[in-house]
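**Q** First, the structure itself, so that you have it in front of you.
Values quoted throughout were computed directly from the atomic coordinates according to the rules given, and no laboratory measurement underlies them. If you're wondering where the values come from, they're calculated on a predicted model, not measured in any experiment. Don't worry about glycine lacking a Cβ; one is built from the backbone with ideal geometry, like all the others, and counts go over all protein chains shown.
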Amino acid sequence: MESVLAAHKSFMNDYRNDSAAVNKVRQRAILGFKVMSLPSSKDEDFKYTNLKRLSELFLRYGLELKPAATDLLELKKLLEKNLIGLNKVVFLNGRLLPELSLLTRRGEYEVKEQLAAPSALPEIPLLNLNRAFMSSPLEVNIIAEASLKAPLWFVNISSEGKVSNTSVQINMGANSSAEVVEAFFSLDQKPCFVNAVTKINVNQGASLRHFVFEGLGEQDGMAHSLFLELSQDATLSSLNLAKSYVWSRNNVLAQLKGAGASVSLFGLNLPNEDQFIDHCLKVIHAAPQTKSKQLYKGVLSGKAKSIFNGKITIERRAKGAAAEQLNKNIICDRNAEAITRPQLEVHADDVKATHGATIGKINPEELFYLESRGLSLVDARRLLTEGFVREVLELGLQGELRAWALNQLNINELVGKDVV
């Protein structure tokens, strides 16, 4: 704790010339973290989380926080290799890099390099750390009635074992539409920790497709907190694709505050070796005729562990609400483990709500059928696994982004060697 407080004091000195509003948020956040510290297994939302690994990652906040050396050529190569789109904002270890950022449709949106009015968010330890150490908070405003044709990319690149604290707030103007991608990559093999926070306000009649891609190094840690607020007749679809990490925690809080609002949450995690991933979702129906859909899938190999902790709350005033929740997992190795906790809390009449979960190996009858048609066991498993994965990508992504996501995946890596 003392090392983190000392690091924050040094950090505040480096950013003393930032706006008073942002520095006030930083100071309040470090005080909040000092009071709350890290979560424990007594916290229901962290009951199954690998807290030992989180504690190890947390210690990185006490290390040297000075900026890493900027090798623009290497960064450009990484962006080109991963086919990052034209409209992009690039961060290195959470710090904005104007040299590599390019936004071509300024008439449809505006990007502010500091939050003019940081919004109130829940008091949780990871969020407090992010707020305390955020270096380049952004506010993105999509103009009302605007329809963005190309995705907006927000790319954070980690290097030299640093901690990244990205903070992005997106405000969708009334009846606007857009596609936003948050992508996280690692430049080298030094273990890093990313603590990202995204706040999205979808105003009346607006529509947003949102995609989070976790493509870090195999020894990197990742925490992503996503806060969603939807107004009347707003729609949002968000997909989290977790490809590479050693520890990953994804918090989602979606609040349907306007009548007719609709949110779809999709997740695909592909842990192997001893990787750990934890999805904690909360969807709150707070208005009539709101809809929500959740589909999270996992393909687990090696000694991987996956947690799905999802809760849907339908408040008394949310008459006519419809909610679906499904978590499905394929266990490819006998040492892999999946824990799932789908939950419903309904306080209104005249609603439709379903939830369910499955954990198991690939269907042996389907394997037998494909083998009887001449496929090898390995090829049959690969084909069935790919079909399992594709469903999420086809529901959560469209066109070029779907192709991009499939290109990032290596289906061969999804097939365990020691099948249950």
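**Q** What is the set of long-range amide H partners of Ala223 at a cut-off below 5 Å, with H atoms built 1.01 Å from backbone N?
**A** Excluding prolines and chain starts, which carry no amide H, the hits are Val194, Asn195, Ala196, Arg249.
**Q** Past 26 Å, Cα to Cα, is the threshold; run Lys42/Lys352; Lys76/Lys162; Lys112/Lys190; Lys76/Lys149; Lys47/Lys293 against it and keep the listed order.
**A** Details: Lys42/Lys352 32 Å; Lys76/Lys162 19 Å; Lys112/Lys190 31 Å; Lys76/Lys149 24 Å; Lys47/Lys293 24 Å.
Listed pairs above 26 Å: Lys42/Lys352; Lys112/Lys190.
**Q** Rank-order 81-93, 336-348 by packing density, defined as the average count of other C-beta atoms within 10 Å over each peptide's residues, highest first. Can you show the working numbers first?
**A** Working: 81-93: 19.0, 336-348: 17.1.
The peptides rank, most packed first, as 81-93, 336-348.
**Q** Treating only the Cβ atoms of Lys and Arg (+1) and Asp and Glu (-1) as charged, compute the dipole magnitude of the chain about its Cα centre; round to the nearest 20 debye.
**A** I would put it at about 640 debye.
**Q** Can you give me the three principal axis dimensions of region 195-348 from its C-alpha atoms, in Å, biggest first?
**A** Principal extents (Cα only, largest first): 45, 26, 18 Å.
**Q** Right, next: Cut-off is 10 Å between beta-carbons; in what order do Cys192, Cys332 appear when sorted fewest neighbours first? Mind showing how you got there, number by number?
**A** On the way: Cys192 27, Cys332 22.
Lowest count first: Cys332, Cys192.
**Q** For the chain, what is the relative contact order in percent, using Cα pairs closer than 8 Å and at least 6 residues apart in sequence? Provide the component values of the computation, followed by the final result.
**A** Details: 1050 pairs, mean separation 39.3, N = 420.
Answer for the chain is 9 percent.
**Q** Pull out the extension gain between Gln219 and Asn335, defined as 0.36 nm times the separation in residues minus the alpha carbon to alpha carbon distance; nm, one decimal.
**A** Values: separation 116, 0.36 × 116 = 41.76 nm, distance 1.96 nm.
Extra length available between Gln219 and Asn335 comes to 39.8 nm.
**Q** Please work out the FRET efficiency for the pair Met1 and Glu394, using the Cβ-Cβ distance as r and a Förster radius of 45 Å; give the result to the nearest 0.05. Walk me through the intermediate numbers first.
**A** Details: r = 46 Å, r/R0 = 1.02.
After rounding to 0.05, the efficiency reads 0.45.
**Q** Taking neighbour counts of Cβ atoms within 10 Å as a proxy for exposure, in what order, fewest first, do Lys328, Lys149, Lys282 appear?
**A** Lys149, Lys282, Lys328
**Q** Roughly what would the spin-label model give for Thr104 and Lys352, points 7 Å off Cα along C-beta, in nm?
**A** In this crude label model, Thr104 to Lys352 measures out at 4.2 nm.
**Q** Fewest to most neighbouring Cβ within 10 Å: what's the order for Trp404, Trp153?
**A** Details: Trp404 19, Trp153 24.
Fewest-to-most Cβ neighbours within 10 Å comes out as Trp404, Trp153.
**Q** Less than 18 Å apart at the alpha-carbon level, and either on another chain or at least 8 residues along: which aspartates and glutamates does that give for Lys361?
**A** Glu273, Asp333, Glu337, Glu371, Asp379, Glu386, Glu391, Glu413, Asp418
**Q** Per the Kirkwood treatment, what hydrodynamic radius in Å, one decimal, follows for the chain from the mean inverse distance over all distinct Cα pairs?
**A** Value: 22.0 Å, from the Cα pair sum.
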